[in-house]
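All remarks here apply to the structure that follows.
The values are calculated or read from the model by the stated rules, or taken from the named source; none is laboratory data. The structure presented is a predicted model; accordingly, all values stated were derived computationally and were not measured. Note that each Cβ is placed from the backbone with ideal geometry, even for glycine, and that neighbours are counted across all protein chains shown. Areas reflect the complete protein model, heavy atoms only, side chains present, ligands, DNA and RNA absent. Shrake-Rupley method; radii C 1.70, N 1.55, O 1.52, S 1.80 Å.
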Amino acid sequence: MHGPRDVLLSLPGMTPDIVDRFLQLRQGPDGIDGTEDDVQFKSPEEALAALGLNSEQAKQIQTFITFKTPIFRVTSVGTAGKAKRTVQMVFRRVGVVPQLITWKEY
């Protein structure tokens, strides 16, 4: 599950405490999203267990969790001398041609 905090909070039964706990776990030891140490959930059940939900809460949001999606996030970091640039894009695979959803440079 890679949704931002506000999206996760919009799911049925989510509270700030549940979402914050999940985000902290998901970010891994360095506490930063999108790095190599991030926790990668292998199934919806594993993600639901990490949220610490009871069975009724899990049932409410189960339909919003998917692992088979044509949407991808790619982060590229490049350096030239002292300059460092990061580009992050989210795109959807539609046939052969990818459809860009977001592009961020920082």
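Expressed as a whole percent, the accessible surface of the range 1-88 that belongs to carbon and sulfur atoms is 55, based on a 1.4 Å probe.
Other residues with beta-carbon under 15 Å from the beta-carbon of Thr63 carry, at +1 per Lys or Arg and -1 per Asp or Glu, a net charge of 0.
Which shape class applies to the range 1-101: rounded if a/c is under 1.5, otherwise prolate when a/b exceeds b/c and oblate if not, where a ≥ b ≥ c are the square roots of the Cα gyration tensor eigenvalues? The shape class here is oblate.
In the chain, Cα pairs under 8 Å separated by at least six residues give a relative contact order of 17 percent. Coupling constants for the range 96-106 follow from the phi torsions by the Karplus curve (6.51 cos²θ - 1.76 cosθ + 1.60, θ = phi - 60°), and in residue order they are 8, 9, x, 10, 5, 9, 9, 9, 10, 10, 7 Hz; glycine and proline get x.
Annotation: Ser76 carries an accessible surface of approximately 60 Å², with a 1.4 Å probe and no ligand, DNA or RNA atoms counted. Rounded to the nearest Hz, the phi-derived 3J(HN,Hα) couplings of the range 83-95 under the Karplus curve 6.51 cos²θ - 1.76 cosθ + 1.60 (θ = phi - 60°) are 7, 10, 10, 10, 10, 10, 10, 10, 9, 10, 7, 10, x, where x marks glycine and proline.
Which of the trypsin sites (Lys or Arg not before Pro) found in the range 1-69 are in a DSSP loop and have at most 10 neighbouring Cβ atoms, other than their own, within 10 Å? In loop regions of the range 1-69 (DSSP not H, G, I, E or B), the sparsely surrounded trypsin sites (Lys or Arg not before Pro) are Lys42, Lys68. Note on Lys68: lysines with a C-alpha under 20 Å away, same-chain residues under 8 apart excluded, are Lys42, Lys59. Charge tally for Glu45 (other residues, Cβ to Cβ under 15 Å; Lys, Arg +1; Asp, Glu -1): +2. A Gaussian network model of the chain, with springs between Cα atoms under 10 Å, assigns the largest mean-square fluctuation among Leu11, Leu23, Leu48 to Leu11.
Other residues lying with their Cβ under 15 Å from the Cβ of Leu23 contribute a combined charge of -4, Lys and Arg counting +1, Asp and Glu -1.
Ranking Val90, Val96, Val77 by solvent-accessible area of protein heavy atoms (1.4 Å probe, all protein chains present), from largest to smallest, gives Val96, Val77, Val90. In a Gaussian network model over the chain where Cα atoms closer than 10 Å are linked, find which of Ala47, Ala80, Ala58 has the largest mean-square fluctuation. Most flexible of the set in this elastic network: Ala80. When the helices of the chain are scored as -39500 (n - 2.57) per DSSP H run of n ≥ 4 and the total is divided over every residue, the value at 222 nm lands at -8000 deg cm²/dmol.
Spin-label model, Met89/Thr35: points 7 Å from Cα along the beta carbon direction are separated by 2.5 nm.
For the range 29-35, 3J(HN,Hα) computed residue by residue from phi via the Karplus equation (6.51, -1.76, 1.60; θ = phi - 60°) reads x, 7, x, 10, 5, x, 10 Hz, glycine and proline entered as x. Net charge dipole, the chain: roughly 520 debye, given to the nearest 20, about the Cα centre with Cβ charges of +1 for Lys and Arg and -1 for Asp and Glu. Entry comment: accessible area of the chain is 71 Å² per residue, from protein heavy atoms only and a probe of 1.4 Å.
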